[in-house]
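Student: Okay, here's the structure, questions in a sec.
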Amino acid sequence: MVTSASVQLLRQHGLTILPQLLTLLEVTALLHCIESAPAAGANFRRSQDVFAIRNLLEEIAALGALLNTAALRDVLGELFPTGCHLTKAIYFDKPAGSNWLVAWHQDLMINVEHRADVLGFGPWTAKAGWVAVQPPVEVLENTITVRLHLDDCDATNGALKVVPGSHRRGVVPAETIAGQTATAAVCAVPAGGALLMKPLLLHASNRSTSDRPRRVVHLEFSAQELPAGLVWRERRALWHAR
């Protein structure tokens, strides 16, 4: 569970690990629900190196009830005492032996329903019917990512690497990122555990050298309301503070 020390770590280092947020039965139910769903459509991406589903809760509606656990509600109640909403949900599966890697980056874009010329929002991207925009830094600072791990994850099967404290540097120019990763650490998380992180934290992941998969449900939450003209594409008020 989230303690005051965990919250302090999240604020100071940009991440904290909760080793046991989901039970084995909850992990099994999530995997069964995902693996039983039809894997077709524009929001599904499958190759020998990755299987991903974006807009996860719209694609697999039954996941909403499975994710809405008392433990996760308690965590969000500690992180967002006045309440929050879901803003993004993605499923990532890095199969055994995957050559897929993720270079160092920050999570700078949010998904919105439509483009609108609002001061401080930009640049914009549009791809496959999706509109994304980089919001002002305060929106990103108000967002917390919860990565629910459905497999034991370590350096051999693509655990995230992070640069602790880098979320306090604001938006880091892409050309300077490589020089800011000397203090990187690997985030090993057991199955059923959760990695909580700030989107501005510098992070990456290596190729897998293991025969074990790395399956993760990636959820982003915020208490931030967007200005008039902009609407979160995946907003859901499924989780509430206590």
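The values are calculated or read from the model by the stated rules, or taken from the named source; none is laboratory data. Since we're looking at a predicted model, the values are computed, not measured. Note that each Cβ is placed from the backbone with ideal geometry, even for glycine, and that neighbours are counted across all protein chains shown.
Student: Given the criteria within 19 Å of ARG54 (Cα to Cα) and over 13 Å from the mean Cα position of the chain (by Cα), does GLN180 qualify?
Tutor: On the way: within 19 Å of ARG54 (Cα to Cα): no; over 13 Å from the mean Cα position of the chain (by Cα): yes.
No.
Student: Only one of ALA159, ALA194, ALA188 is closer than 17 Å to LEU18 by Cα and in contact with a Lys or Arg (Cβ under 7 Å, 6 or more places away or on another chain); which?
Tutor: Result of the check over ALA159, ALA194, ALA188: ALA194.
Student: Let me ask another. When only residues in the stretch 206-237 that are among the polar types (S, T, N, Q) and within 19 Å of LEU86 (Cα to Cα) count, which is modelled with the highest pLDDT?
Tutor: Per the criteria, the residue is SER222.
Student: From the list ARG236, ARG168, ARG212, exactly one residue is among the basic types (Lys, Arg) and under 24 Å from TRP124 (Cβ atoms). Which is it?
Tutor: Testing whether each residue is among the basic types (Lys, Arg) and under 24 Å from TRP124 (Cβ atoms) leaves just ARG236.
Student: If you don't mind, there's one more thing I want to ask. Within the set of pairs 6+ apart or on separate chains, which have a first residue in the stretch 173-187 that is under 17 Å from ASP107 (Cβ atoms), a second that is outside any loop (DSSP other than H, G, I, E, B) and of a type in the set (S, T, N, Q), and C-beta atoms under 7 Å apart?
Tutor: Partner pairs satisfying both residue conditions: GLN180/SER166.
Student: Mind listing just one residue for me: the one in the stretch 4-21 that is more than 19 Å from VAL186 (Cα to Cα) and of a type in the set (A, V, I, L, M) and, of those, surrounded by the fewest Cβ atoms within 10 Å (Cβ to Cβ)?
Tutor: The qualifying residue surrounded by the fewest Cβ atoms within 10 Å (Cβ to Cβ) is ALA5.
Student: Condition check: at pLDDT below 95, of a type in the set (Gly, Ala, Ser) and more than 28 Å from HIS32 (Cβ to Cβ). Does ALA178 satisfy that? First the steps, then the outcome.
Tutor: On the way: at pLDDT below 95: yes; of a type in the set (Gly, Ala, Ser): yes; more than 28 Å from HIS32 (Cβ to Cβ): yes.
When the stated conditions are applied, ALA178 passes them.
Student: I'd like to check something: does the stretch 10-30 contain any residue that is over 26 Å from GLY165 (Cβ atoms) and assigned to a loop (DSSP other than H, G, I, E, B)?
Tutor: Yes, there is a match, as at least one residue in the stretch 10-30 is over 26 Å from GLY165 (Cβ atoms) and assigned to a loop (DSSP other than H, G, I, E, B).
Student: Hey, among the residues in the stretch 224-242 that are in contact with a helix residue (DSSP H, G or I) (Cβ under 9 Å, 6 or more places away or on another chain) and not charged (D, E, K, R), which one's nearest to GLU138 (Cα to Cα)?
Tutor: This residue is GLN224.
Student: Something else about it: Considering only residues that are small (Gly, Ala, Ser), within 26 Å of GLN134 (Cβ to Cβ) and assigned to a loop (DSSP other than H, G, I, E, B), which ones fall in the stretch 183-215?
Tutor: Within the stretch 183-215, just ALA184 meets the criteria.
Student: Let me ask another. Checking the condition touching a helix residue (DSSP H, G or I) at 6+ places or on another chain (Cβ under 6 Å), closer than 30 Å to LEU21 by Cβ and touching a residue at least 60 places away in the same chain (Cβ under 8 Å), which residue from GLY97, GLY165, GLY83, GLY77 passes?
Tutor: That would be GLY165, the only listed residue that is touching a helix residue (DSSP H, G or I) at 6+ places or on another chain (Cβ under 6 Å), closer than 30 Å to LEU21 by Cβ and touching a residue at least 60 places away in the same chain (Cβ under 8 Å).
Student: Give the residue, chosen from LEU230, LEU148, that is within 18 Å of ASP107 (Cα to Cα) and in contact (Cβ under 8 Å) with a residue 40 or more places away in the chain. Lay out the reasoning, then the answer.
Tutor: Working: LEU230 fails: within 18 Å of ASP107 (Cα to Cα).
Among LEU230, LEU148, only LEU148 is within 18 Å of ASP107 (Cα to Cα) and in contact (Cβ under 8 Å) with a residue 40 or more places away in the chain.
Student: Right, here's the next one. For the stretch 28-60, enumerate the residues that are at pLDDT below 70 and either basic (Lys, Arg) or closer than 19 Å to VAL131 by Cβ (or both).
Tutor: The answer is ARG46, and nothing else.
Student: When residues of the stretch 201-215 are filtered for being surrounded by 21 or more Cβ atoms within 10 Å (Cβ to Cβ) and among the aliphatic types (A, V, I, L, M), how many remain?
Tutor: Of the residues in the stretch 201-215, 2 are surrounded by 21 or more Cβ atoms within 10 Å (Cβ to Cβ) and among the aliphatic types (A, V, I, L, M).
Student: For the structure I just gave you, tell me whether ALA132 is over 25 Å from SER222 (Cβ atoms) and small (Gly, Ala, Ser).
Tutor: no
Student: Given the criteria surrounded by fewer than 21 Cβ atoms within 10 Å (Cβ to Cβ) and within 20 Å of PRO213 (Cβ to Cβ), does TRP100 qualify? Outline the logic, then answer.
Tutor: On the way: surrounded by fewer than 21 Cβ atoms within 10 Å (Cβ to Cβ): yes; within 20 Å of PRO213 (Cβ to Cβ): yes.
For TRP100, the condition - surrounded by fewer than 21 Cβ atoms within 10 Å (Cβ to Cβ) and within 20 Å of PRO213 (Cβ to Cβ) - is met.
Student: For the stretch 111-118, indicate whether the set of residues that are in a loop (DSSP other than H, G, I, E, B) and touching a Ser or Thr at 6+ places or on another chain (Cβ under 9 Å) is non-empty.
Tutor: Looking through the stretch 111-118, none of the residues is in a loop (DSSP other than H, G, I, E, B) and touching a Ser or Thr at 6+ places or on another chain (Cβ under 9 Å).
Student: Looking at the stretch 126-154 only, could you name the residues that are part of a strand (DSSP E or B) and at pLDDT below 95?
Tutor: Selection gives ALA126, LYS127, TRP130.
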